[in-house]
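First comes the structure, then the notes that go with it.
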Amino acid sequence: MLSILKNYFSFLGDRKKDINKGIFWAVINSIGTGMQLMAVYVVIDALINASMSNTTVWQSFAIMFISMMLQILSNKFGTMADVNGSFYMCADKRNEIGDKLKYLPMGYFNDSSLGQITSTVTTTLDMVQDQGSRIVKNVIHGIIHGLIITIFMMAFDYRIGFIVLAGILLFILINTLMQKKAKKISPERHKAQVNIVDAILEYVQGIAVVRSYNLATKANQKLSDAINECEKNNVGLEIAFIPYMFLQSLCLKIASLLIMISSIYFTVNGSMDIAICIVMIISSMVIFGEIEKAGAMSSLMRLLEKSMNDVSEILNVETMNNSSEKRVKDNYDIDINNVSFSYGDKKIIDNISANIPEGKLTAIIGPSGGGKTTLCNLMSRFWDVDEGEVKLGGRNVKNYSLDYLFSNFSLVFQDVYLFNDTIANNIKFGKKDASMDEVIEASKKACCHDFITKLPMGYDTVIGEAGGSLSGGEKQRISIARAIIKDAPIIILDEATANVDPENEESLEKAIHELTKSKTVIMIAHRLKTVRNADQILVVEDGKITEKGVHDVLMKKNGTYSNFVNMRKQSIGWKLGKNN
């Protein structure tokens, strides 16, 4: 238990001071409880000795009043300190995870479950936020309360104090056994909760496939299995703790009974004052309340430990090397020198070298899975190369800070992701401090201003998660407006027009033309017009650059590129006959 408490305080970071305030007020609260015993003793002693007077009344009233004020203040300020510490700490952790994820290689997200990350940032941190402070507060308060009450009881009669101490030590022994049991079974319960999140995400994200292939029953079954497994683990956890909770409660009840019996016995044989006896009997009924509450909450400490470990696991993942260098001193040329890269054991890029000159259009073509997108991701340092180096402006990309490096690239993907926010904020994502005039100007250049103004709320229209309320072409143009407003010197277009319908194609081409003016452009392309006009064409196959040059030169080689062009021409010229 102590190790978990130590980890919790380390986990708190800068918010430790708030929880320390909560502990301080817990001490004050327990002192207030002890003072109530003093007030009761003053009254009972005066009644027994027939010495009740106004002074006695006011003395007991003063002690009780001070006790009540201490408890009122300690409850108010202690709760505020605990809540502030817990909620702000979890907010800090979420922000810290968000910042961390930006600097992790993309391979991390391939290897890690989306459900695991989502569960950690939501359910796991919710547990730490809502339950963590309560668990720690009650456990620490119980320890402090037990210690202070033991001191008070020792002050009244050391023999009763030892009974209290013995009851607490026996309670701690049973609680330690419960903690060992919790250490074994809590991870399974936590894993089941993560699996539920994973199953729900998979079900929701794949709902279109589920419906189109009539797999609702099968998909529902997987989700139901995850829910049932979580239910089984939660119930199993509670059942496993019942014997320990019973024994904890039993040992405290026995200690309370021994305090009563011993107090009466000591009074009968003349070794205890009757006033103290009555106070001890009254005290025996209430002194273990906080300790018992602490025991009940301590059963959740292993879950708290597992939750903190999951958060720390993400925060401790090694980020990409992040240099402090910020300025490109020479130019925006990109040099790829003997670069190799693998996903696990599968080699994707195999000893590639190329130069992409500043201010020129470089088209990359090749069969699916040949390494085109991976090569672009290595240029923008979404991943680090295994061998060789990628240079920007004559310097290895690893020698720039990641934030600065990313500021030099704008990427427009085939699959556009828009956030569940207004259109204006989605465009501003490229430049957070952009004015509305800049947003509108970028939208006009991206040929999306007209359709935006026709929406119910214009630029303030919330477009839904992933831009679900917009067509593919509309989403593409908004993503281009976002890239235009960012105004990065290097543009990477990853088959940005691949899935666009003919109605949007002309607008999209105009938008891309505005985006790429006076820029270094790298385009993974499949349209002949784009490829033909490129200043340089790279043909990537099986992780290698097999051909390099301009359109006319490559056509004369009768290789992969000329085959590509001829197939495209046939595809464009092909028409469906009336009798086919």
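Couple of notes before you dig in:
- Remark: the stretch 68-82, residue by residue, has Karplus-estimated 3J(HN,Hα) of 5, 5, 4, 6, 5, 5, 5, 5, 5, 6, x, 5, 4, 5, 5 Hz, where x stands for each Gly or Pro and the curve is 6.51 cos²θ - 1.76 cosθ + 1.60 at θ = phi - 60°.
- In the chain, taking the dipole from charged Cβ atoms about the Cα centre, the farthest positive-side position among Val553, Asn396, Val57 is held by Val553.
- Between 0 and 90°, nearest 10: helix 472-486 axis offset from the chain longest Cα axis: 80
- Binning all Cα-Cα separations of the chain at 20 Å, short to long from zero, yields these whole-percent fractions: 16, 35, 25, 16, 7, 1, 0.
- For the chain, the longest principal axis of the C-alpha atoms and the axis of helix 133-156 are separated by about 20°.
- Listed cross-link partners Lys346/Lys517; Lys16/Lys183; Lys93/Lys428 are compared with a 31 Å cut-off, the Cα-Cα value being larger for Lys346/Lys517.
- Straight-line cross-link reach from Lys557 at under 19 Å between alpha-carbon atoms covers these lysines, not counting any fewer than eight positions away in the same chain: Lys544, Lys548, Lys569.
- Distant-in-sequence amide contacts of Glu387, defined by a placed amide H-H separation under 5 Å and a gap of 5 or more residues or a different chain, comprise Ser340.
- Overall, the chain carries a charge dipole of about 480 debye about its Cα centre when +1 sits on the Cβ of Lys and Arg and -1 on the Cβ of Asp and Glu, all other atoms neutral.
- Taking all Cα pairs closer than 8 Å and separated by 6 or more residues, the relative contact order of the stretch 1-94 comes to 47 percent.
- Span from the the stretch 245-271 Cα centroid across to the the stretch 333-357 one, whole angstrom: 78
- Mean residue ellipticity at 222 nm, helices only, the chain: -20500 deg cm²/dmol; runs of at least 4 DSSP H residues each add -39,500 (n - 2.57), and the sum is divided by the number of residues.
- Degrees, to the nearest 10: 16-48 long Cα axis against longest axis of the chain: 20
- Under 18 Å of direct C-alpha separation, and excluding same-chain neighbours fewer than eight residues apart, Lys253 reaches these aspartates and glutamates: Glu290, Glu292.
- Candidate cross-link partners of Lys556 among the aspartates and glutamates, defined by an alpha-carbon separation under 14 Å and a same-chain spacing of 8 or more, comprise Glu547.
- Alpha carbon centroid spacing (whole Å) that separates the stretch 1-41 from the stretch 81-99: 20
- Sequence-separation-based contact order of the chain, relative, with Cα cut under 8 Å and 6+ spacing, percent: 13
No value in this document is a laboratory result; all are computed from the given coordinates. These numbers were taken from a predicted model, which means no experiment stands behind them. Please note: Cβ atoms are built from the backbone with ideal geometry, for glycine as well, and neighbour counts cover all protein chains shown.
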